[in-house]
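The values are calculated or read from the model by the stated rules, or taken from the named source; none is laboratory data. Please read these numbers as outputs of a predicted model, since none were measured by experiment. Counting neighbours? That spans all protein chains shown, and the Cβs are built from the backbone with ideal geometry, glycine included. For accessibility, only protein heavy atoms count, side chains too; no ligands or nucleic acids. Shrake-Rupley method; radii C 1.70, N 1.55, O 1.52, S 1.80 Å.
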Amino acid sequence: MLPVLTAKEVPTSGCGPPYGCICSEFHETNTQKAPDKPPARGPETYGRVRCAGLVLKDSAMSVVFDGSPLKAMQSPHSHTAPAALSAQELSQEIKSFISGVDAVQGRKLSVREHARCAVRLLRSVPACRGAVLEHLRGVYDEHVSTFLHNLETEGNASSGATSNLEDIIQEVHGVLSEFIRLNPRAWAPLVSTWAVDLLGQLSSKHAGRRVAPHSSSLNELLQLWMSCAATRSLMEAYSQCLAAMLAWCPDACVDALLDTSVKHSPHFDWVVAHIGSAFPGTIISRVLACGLKDFCSHGAKDQGPLVEKGSRVPKIGSVVGILGHLAVHHSDSIRKELLRMFQESLAPSTPLSPSSSSTSWEASPQLRRAAVPFLLQLAAMSPNLFGAVSSELVELLRPAVLLQLQALLQGLPREELDNMLGLAVHLISQSPTGGARVLRFLADTATPASVIISGPTPSPHEGVREGCDRLLQMLLLHLHKLVFNRSEGSDVGPFGSASSQPQRVIPFLEELRSHVAPLCAETLRLERKRHLWLHQLLCLLSVYGGPSVATETLCQLLTQARNPEELALAWQLHATLSSCMVGLVPAAVAHCVAQIHTHTLGRRQLRQLLLNLAAALQSQEEEKKAAAGAAGAAGAAGAGAQSSMAAQIGSAVSVHLHDFGPLLLHGDPAVSHAAVRLLSCSPLPRTASPAHLLLLSRAAVTHFFLTLRRRGEAGKTGRDAGQSGEAVSCSVLLLTRFAAYSALTLKAIIQQLVEGALHKGNAELFGGQIADMSGAPVASPSVSPDLGASLLDINCRFGTTVNFSGSVWSVFHAGVIGKGLKARTAANLPDPSGVIQNIQTLLAVIVQCCSSSSLNGSQSPSDPEEPPPINAEAAKVIAVTLVENVCPDVANGELSWPPEEHARTTVERDIHIRRCFEAHPVLFPLLQVVAAGRPALCYCSAVLRGLLATLLSHWEGSREALSTDSPWHLQASCLLVSCMGEGQLLPPVLANVHEAFAHLTPFEVRLLLLAVWEYVRGNGPLPQKFVFSSDKGMFCRDFSRDGDVSRYVAPIHSVLHKNIDTLGHLCWRFQL
Amino acid sequence: MGDIRQSLLPRDVLSAAKELLYHLDIYICNMVQSGRQPPQVDSKTLDLIEEFILHTPKDRNAPVRRMSALQELQLLEIMCSCFQEQSRDTVRQLMFSALFNLQGNQADESRMALLSKLVSMAVAVGRVPILECAATWLQRTHRVYCVRLAQVLVDDYCSMVPGSGPTLHNIHSASPRFCCQFITAVTTLYDLTSDELTPPMELLQMIVSWIQDDPRLVLITFLNSPLSGSQPISSLDVTPLGGLIRWCIKAPLAYRRDKKQTNNGSSDGEPDAARLFSALHLSVLQVFMLLPNILNEKGLFGRLALLQMESVAALASDLSRLLDQADKHTHAATSDTHAASQLALDRLAQALQVAMASGALLCSREDLRAICSRLPHNNLLQLVLSGPVMYYNNIHTPPLTYSPHAAHSPIPTLPPHAPHTPLAAHPAPHAQYPAQPFMTGMPFPFRPGH
């Protein structure tokens, strides 16, 4: 291949203009060096910049400029003319050149004559070469000075001053390019060195000029210099040399470029940029190759893990500089080149690899071995390059490559390996991007092959795995040092105290901060060694990132853990961190709450988080129990941390209870279930604002009804049923605990429970029907949608909607004339067993709330068999709520009863009350509860009275033979009377009358009920008639203080007598 | 002389060098006039030269003084005129050797660089005295350095500066002695073993035209040098004959190889080169034919081997290797290859025959046979090796006797390939090769083609 290229460079007759010639050579070199690259790239860029330079000048000049080499090209033998000088003349020329004075005429030579003389010598006296080139430096410099001066004076000076040197420069350029073309081997190294050196000198010398742009603005600089004939000609000469030399000794000219670049660092950049963009592929690869050779020749003697930039050999410094510069536009090529270097250094060495020429570094095993350390070193010195490579490098490290790498590195001495390892660790810890991928790669590779868990990559070779393992451990160790040394100087105070001095940044950890969530997820997979590493890393990350990251991490773990083992990782993390951070748990919980508020958690995560928190709290409780059982059990110390953590979580959760409260009503049953679990086991806060409490209680009650509904929907069997059942019990527990918290919550809960039970949305749960204002069940909720109501419609129906209740008139809307009575909708009775169960549950809740309240002080259940009595206050709340809901009109009304006749004034209200009781079967049980909490039933007196009044009128008007023919009324009568008896509104004798109702005729029932009414009218149902008996622990009424009962018993006895045949067995119940 | 150092130190580089040259001139003139024998420049002066002209740092602390290229050119110009204006050869020689004789120290590199530039410049501006001095230098200096000087000249005039060839060509008329030494150095340098060591075409043309114009040119050094044993060890050969023969013999193979590798190179260069080498071969043979008279005049016939046996042996082994390679590279030997190798062998046979006949090569046919045993068959060579059928004793030659030692183990003790081993031209014939059996002008009993 080599001779072929050189043959192209020897003068050929058929070549076009010189640029075409150069370009064609570029094409060939490019295509031969790397056929996969687009060959046109270099020349195109080159051509573009050159044209830009030409455009800036006037056209005449460019013609001259382009014409001159053309002439030289056309007449290959033109050089014979000056060679005709005789020895004598040459001697004269030399003298003139040296002295600057025309040797014959004795006058001083002008600059251009002097330069002409130099060019003649260059053509004829080889020994003068050095001196001539040196002299030409002055000429070029002169031209640049004039050029810049003209620019500065805005072309005030005569334009002739510039042009007189320009033609000389064209001439020199022509001669040089001709020489290079004719004998590239001899001239290219010489001219390239000279040109580069001169360029460097010129650009740094004139860098301070006013017109010269700052060295940072490369493009302007490039424009300026390319518009100057001298520098442009130098640049072109250099390009020509480079193009010629690429074929056989590219290193030499790039060496020169590197050296000069080091010398004139910022000002020379434009040259490197131009050359680099003209020959990106070559320059980059050559620069790398040069650097590698240099690196190799300097050996690994001073190669430490942390090498200061200054102390390193200058070449690698300038390699870094140049590549960094080119990285702006050619980062892709640089990355490719670096990766290619890496790959080729690993590729098995073939003695005669066709792709590499004999001069390239791939041929030398020593260089190949040095490539990886070199790249590491390079990366260590330039974050740019490292960043470019690191991301793709990881992709490259397939198992096969790893094996090769291992084979390569096995040959290195131990010490060097350690150095490299250190360097690699340092690099990883300093890498600003891609840390997560690197980490994943390392962990994947280092994780031992397992039968059970198959990682994403096939298991690598054991040696490779060990290497990665080692690297990972070193990395962790290194990070550990960094993290803990970092905070050494400034004592990290309590939570949240930021140290005053800026702390050292560790890019790796900095980047991983944003990957906490995936890291946590991966840790929680609990794969063999991996989770140990990752866990350690998470600890470091938390310490590094301070409280924010620590809380984030903990929060993530809490959110993502799915079972106790995984959750244990969170406790471990906390145990580690608790030594250096205070208040972590509250912060974590607060963070979780914040996440809940911002809806960043998915349902699943939210549920998991709540369950995990609940689990933590439950574990605490179990711990307490266990501790109570066996105080000195082994492992108590280990559990200590956990329990303290659980306690912290408890307190933290209790602070945020009101934040968790709304979750009870979350749309996802699972979430609300989790929430209720958490809340049901969470301790309650010492103090809480009433608003929060009310909110919570409302949520809890609503949730309770929700769970009831879900239980009904879930059906009887299956997992759902079990879960919904559990949800109900949790909800019950929550309500109970919450009711016991304070009087306020008790009241609120009970009130809301009752209201909720009667609410039309929940009524059907308890077998109720939806009643309209008049107490009659409406046809169907869907028939009268609220939104469809129009004002006009309501106005049209004005007469029917006016409420006359409370006045003596009553209007009953019984239907439209001609269409008969209003059709009563057939109540679609829900599942009776479900209704019963729901009612039972509701009652259980209410009873528990009422009885477990702490209002009665220390009321330890002396007899666990007997349920604790109903709290009177709580019962009063129920009573009041009942009244308010059943008949808002009579709330806070008169408690004492009027004569029976007066009942006809309140017919409408009474009917409403009766319909309520009809619609809501749950009312009677509630009344019973109220009755149990004496004297609360007194507060229901209006309702009782209304109900009794309607019952009386029903039995009065009833023409049935037996009372059992109107079952509801019979049942209602029985229940009413028994309730009043239980509530001690009636003495036992009267209270027992309901036992006889079923055996009587309606009229007789009316008589008995009338007796009841009379008694109540005579002995008003007033709370002050009750006294607290401490031995029973409840209020009781002493009937002896009231008037004689016997006169109310007379109707009973006469009814008994009349029906003695059927009621004989009940006689003893009515003994006074 | 050593006391002027203090006065030189403060001066700038160029004027210090000028001053030193001036003092050196005076010093040597005085020395020659005083007639001290032998005229020898003392070491202090040499140190001064190294310090102020060659700018070798005296000690590590001293700052390195360097001349710019311009200053160096001025210095060279001064030197040129200095040597030009010095009328006395002795002084000139002494001065030249004081400046440029190698001292075997670190200054030699800059000495060589300066010398190369000076000679190159002298060639350009035709400074005969300098060329003469350089010719003497070439005679006395180790061949490695001579070769380097020649290399610089060839680079300068044949490759670097196009069109400057004619300038170099003129040295033939300016200084034949230098020209002869130059040819010797060039033939030593380019041994045709690789591409780099193949003479440029321009150089080849030049040499051929020189020798064609004046065959005696190659013998000038031999003719002018005293036949004392003062030839320094490892210097160049007295004549370029050995090198020229090597060129002619190896050329057909070497140039064929070139042509093979540069398939599409200038196709007209190759026959050109062949023609040139052919002419050169003829010229060389003609030079050989001149030798008997000269040797006889000097009374050295049969006693001075201008062509060393060792170099012939090396050439033969080289040739056989080349032929082997040629065979290997072209598995089926083409007619081209065959013709080329036969041409090379023919030339070898001719050269051997003429050299032996002209008394330039002193050896027996037995020795030759041993040397050439590995070469492939060639009719002419066979003839040369087998020798004439009958012997004619001549009074000038010693009787034809083979030492039994030589007969039994004639050659294999020789190193097979030692092109750069010391090849001193021994005035006396080897004891091992006692006789030269052939006479000049002896009629061949059998002459092919006649």
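A few comments on the model shown:
- Comparing each chain alone with all protein chains together (probe 1.4 Å, DNA, RNA and ligands left out), the residues of the stretch B:150-171 losing at least 40 Å² of accessible area are B:160, B:161, B:162, B:163.
- Rounded to the nearest 10 square angstrom, residue A:549 shows an accessible area of 10 square angstrom against a 1.4 Å probe.
- Chain A contacts chain B over a buried accessible area of about 2200 Å², both sides summed; the probe is 1.4 Å and only protein chains count.
- Stokes-Einstein translational diffusion, the stretch A:656-744 - Kirkwood Rh over all Cα pairs, 1.567 mPa s, 4 °C, in µm²/s: 100
- Potential lengthening between residue A:1044 and residue A:105 on full extension [0.36 nm per residue; Cα-Cα distance subtracted]: 321.6 nm
- Principal axis dimensions, the stretch A:893-1066 - Cα atoms, whole angstrom, descending: 47, 36, 28
- Test item: Cα-centred dipole of the stretch A:893-1066, Lys/Arg +1 and Asp/Glu -1 on Cβ, debye: 300
- Sites residue B:225 and residue B:386, calculated FRET efficiency, Cβ-Cβ separation with R0 45 Å, nearest 0.05: 0.75
- Backbone geometry of the stretch A:999-1015 corresponds, through the Karplus equation with coefficients 6.51, -1.76 and 1.60 at θ = phi - 60°, to 3J(HN,Hα) couplings of 9, 10, 8, x, 4, 5, 4, 4, 4, 4, 5, 4, 4, 4, 3, 4, 4 Hz, x marking Gly and Pro.
- At the listed q of 0.25, 0.27, 0.29 Å⁻¹, the Debye profile of the stretch A:996-1044, built from one uniform point per Cα, gives log10 I(q)/I(0) equal to -0.89, -0.95, -1.02.
- Distant-in-sequence amide H partners of residue A:1034 (H built 1.01 Å from N, under 5 Å): A:1029
- Net length available on complete extension from residue B:36 to residue B:22 is 3.0 nm, with 0.36 nm assigned per residue and the Cα-Cα distance removed.
- Phi to ³J(HN,Hα) by Karplus 6.51 cos²θ - 1.76 cosθ + 1.60 over the stretch B:358-363, Hz, x for Gly, Pro: 8, x, 7, 10, 10, 6
- Ranking A:894, A:395 from most to least accessible surface, computed with a 1.4 Å probe over the protein chains only, gives A:894, A:395.
- Cα-Cα over 25 Å, subset of A:760/A:876; B:18/B:117; A:95/A:263; B:250/B:328; A:205/B:58; A:336/A:529: A:95/A:263; A:205/B:58; A:336/A:529
- A simple spin-label model places the labels of residue A:532 and residue B:105 7.0 nm from each other, with each point 7 Å out along Cα-to-Cβ.
- In order through the stretch A:730-739: 3J(HN,Hα) via Karplus (6.51 cos²θ - 1.76 cosθ + 1.60), integer Hz, x for Gly, Pro: 4, 5, 4, 4, 4, 4, 4, 4, 6, 5
- The heavy atoms of residue A:965 offer some 80 square angstrom of accessible surface to a 1.4 angstrom probe.
- The residue B:194 and residue A:366 beta-carbon pair, evaluated with R₀ = 41 Å, returns a calculated FRET efficiency of approximately 0.95.
- Extension gain, residue A:396 back to residue A:525 (0.36 nm per residue minus Cα-Cα distance, nm): 43.8 nm
- Residue order by solvent-accessible surface for A:934, B:111, A:340 is A:340, A:934, B:111, largest first, with ligands and nucleic acids left out and a 1.4 Å probe.
- Residue order by solvent-accessible surface for A:705, A:441 is A:441, A:705, largest first, with ligands and nucleic acids left out and a 1.4 Å probe.
- Counting only heavy atoms of the protein chains and using a 1.4 Å probe, residue B:12 has close to 80 Å² of accessible surface.
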